[in-house]
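Single-structure report; data block below.
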Amino acid sequence: MKYACLVYLEQKDLHAVADGECKAFGDGLRQDGYWLGGQALQPVHAATTVRVRNGKLGVTDGPFAETKEQLAGFYLIEARDLNAAIQIASKIPPARVGSVEVRPIRELSA
């Protein structure tokens, strides 16, 4: 089953874990066959939110919601079940200073 591991951090903690440590973790996921994709994200000041209401496009600077923690990146993994995905997510380096939301991927039907 596929899972998104969404990494959330406070702005002040964005660089609390070295990029090299996160890259090494991703490389390990690749070697072990769990890696499907993932990336670190730019800080929220670089975000743009798009909404379409009644056929009209609305664009605002910043993230969807104002929160203390921000989405800092994600790992897309393959795991046998939720418990296995949680075990993998617990090893994501930024989990030590932020949080990691584990969410099953919903396959879209045609």
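Okay, here's what the table says:
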read-out: Sequence of Thr49, Thr67, Thr60 from largest to smallest accessible area, 1.4 Å probe; value: Thr67, Thr60, Thr49
read-out: Sparsely packed GluC sites (Glu not before Pro) within segment 24-110, loop by DSSP, other Cβ within 10 Å at most 10; value: Glu66, Glu107
read-out: Fully extended contour minus Cα-Cα distance, from Thr49 to Ser109, at 0.36 nm per residue; value: 19.0 nm
read-out: Mean separation of Cα contacts under 8 Å, 6 or more apart, over the residue count of the chain: relative contact order %; value: 49 percent
read-out: Interatomic Cα distance distribution for segment 24-104, bins of 10 angstrom, percent; value: 15, 39, 28, 16, 3
read-out: For segment 77-91, Karplus couplings with θ = phi - 60° (6.51, -1.76, 1.60), whole Hz, Gly/Pro x; value: 10, 10, 9, 5, 6, 4, 4, 5, 5, 5, 4, 5, 4, 5, 9
read-out: Theoretical ellipticity at 222 nm over the chain - DSSP helices of four or more residues, -39500 (n - 2.57) apiece, nearest 500; value: -6000 deg cm²/dmol
read-out: In Å², nearest 10: area of Asp32 left accessible to a 1.4 Å probe; value: 110 Å²
read-out: Modelled FRET efficiency - R0 41 Å, Gln31 with Thr67, Cβ distances, 0.05 increments; value: 0.75
read-out: Per-residue ³J(HN,Hα) for segment 7-22, Karplus 6.51 cos²θ - 1.76 cosθ + 1.60, θ = phi - 60°, Hz, x for Gly and Pro; value: 8, 10, 9, 6, 3, 5, 9, 4, 10, 6, 10, 5, 3, x, 5, 5
read-out: For Ala72, distant residues with modelled amide H under 5 Å away; value: Val7, Tyr8, Leu9
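The values are calculated or read from the model by the stated rules, or taken from the named source; none is laboratory data. These numbers were taken from a predicted model, which means no experiment stands behind them. Please note: Cβ atoms are built from the backbone with ideal geometry, for glycine as well, and neighbour counts cover all protein chains shown. Heads up: the accessible areas ignore ligands, DNA and RNA and are worked out on the full protein's heavy atoms, side chains in. Shrake-Rupley method; radii C 1.70, N 1.55, O 1.52, S 1.80 Å.
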